[in-house]
Structures are given as C-alpha cells and as structure tokens.
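What follows is calculated from the coordinates using simple rules that are stated; it is not laboratory data. As the structure is a computational prediction, the values presented were derived from the model and not from experiment. Backbone-built Cβ (ideal geometry, glycine too); neighbour counts: all protein chains shown.
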Amino acid sequence: MPKWGLTLSSASLTQAFGQNHRAGYGPPPSKWKGICQIGDSFGPEKCNGKIIGARWYTADVDKALLNGEFLSPRDANDHGTHTASTAAGNLVHNVSLHGLAAGDERGGAPRARIAVYKVCWGIRSVRLICSEAAAAKAIDDAIHDGVDVLSISMYGPLFLPASLLAVAKGVSVVYSVGNEGPSAETVQNMAPWLLTVAAATIDQLFPTTKTLGSGQKLVDNLYSRM
C-alpha cells in the first residue's frame, strides 16, 4: 500500500482528512519535494500531515469558469473532496446518511498521504472543465514532487502522453473509466499503461418514507440503483 498518493482535483476539508489528523502521521517522507500553495479558504494549516502538498492551475482557464470558485486547491463543488476521500480518506466512525446505513467509513488506502493538484474548474458547470495543458503540468509537477500514485477522475482520453511519462518514471496511474453504460463502447481511458477503474453500485437499500399532501405515506429508496 502506498504511503502517499494524489488526487487531481481539489482538497478536502472533511473529517476524513481534516486538520485534526496531524497527529499520527509525522513529517512527510524524506523524498517529498512538494509545496503547499495557499489561496481562498485554504491556508497553510490545511497541509496537515495527511494532506502534504497542494497546487492549483489557472493559467489557461476561461475566466468565466472562475466566478464563484475558490482560487486555491479547495474545490467548490465537492468532486475533488469525494474522489480524494474515496481513494485515501481516513477511517471515520459513526457515520450515517440522515440516520441511514450507520457505521464506519474509510478510503481505499486510509493511511496514504494526499497531494492535491487542482486543474478542473467551474462551480456551475454540469461537468467540470479540465485544462489539458494544466493537467500535463500538474502530472509533471507531481512526478518531481515525489508521488507514488496518480488518481485521476476525469472523462475522456485526455493527458495520456503525460501519464505515460509518469508510468515511465515509476508512478502508478489510475484513471476513471467514466460513468456511462451499460451500453457498449462507453469505456474511457483505455491506454495499456493505465489502471482504469469502473464506477460501481451497491446492493444496500436506503428506505425512506415520503408523506404526500393527502397524508398518504410511501416508502421509497433514497438512491436509485445504477
């Protein structure tokens, strides 16, 4: 299991890797060369032992996409928080969804360190707009900083030449396969040097009672299964 990794998007401020987790991690590994680039709602204290690096890139971003955004590694629409916690969120006890599915949660590698490279922008976009040039620069920075794993949650066959360089330098690159399907030929990011991970669903139900205006009560599942 890697001791540190990264997510290409944004930092999380949740309990899964919040500032109360400095204890128990110690200083970053000796090979780490990354920086903590501060900005809106992201001060130096956010790099806390769990999060050990953070950068953000706006050089070639349409300025309209920055309206309402945090000009910092912090995300404004929770996608980076979600993907980072899925990959490397710490173990958190007594979690529930409005009282449903109570229990513990953790990411795939809960003791991994996180470095953040934010290249996608647009708080009001249905899908974030990700700069190919910025992503290439972020991957290059990540290689120099000393990451072990790149976790990239983006649509489309983007940034593949840069990801090949990362693999050649010994960095494992994990891409999302996309959220389309189940029709054929919807898989994204199929380069042979990548580890491509599909979206999944669960077999758990979240029964929720809905009361109509007439007083009739209906029991439904809070989330539809994919």
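Values computed for the structure shown
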quantity: Dipole magnitude of region 77-226, debye to nearest 20 (Cβ charges: Lys/Arg +1, Asp/Glu -1, about Cα centre); calculated: 300
quantity: Per-pair calculated FRET efficiency, R0 = 30 Å: ALA184 and ASN221 via Cβ, rounded to 0.05; calculated: 0.60
quantity: For THR196, distant residues with modelled amide H under 5 Å away; calculated: TYR175
quantity: Per-residue HN-Hα couplings for region 186-196 [Karplus 6.51, -1.76, 1.60; θ = phi - 60°; Hz; x = Gly/Pro]; calculated: 10, 6, 10, 6, 9, 4, x, 8, 9, 9, 9
quantity: Over 18 Å between alpha carbons, listed pairs LYS50/LYS169; LYS63/LYS118; LYS50/LYS137; LYS118/LYS169; LYS46/LYS137; LYS31/LYS137; calculated: LYS50/LYS169; LYS50/LYS137; LYS118/LYS169; LYS46/LYS137; LYS31/LYS137
quantity: Highest-first arrangement of 107-114, 163-170, where packing means the average Cβ count within 10 Å; calculated: 107-114, 163-170
quantity: Dipole axis of region 4-221 (+1 Lys, Arg; -1 Asp, Glu on Cβ), positive-most option in ILE38, SER172, LEU194; calculated: ILE38
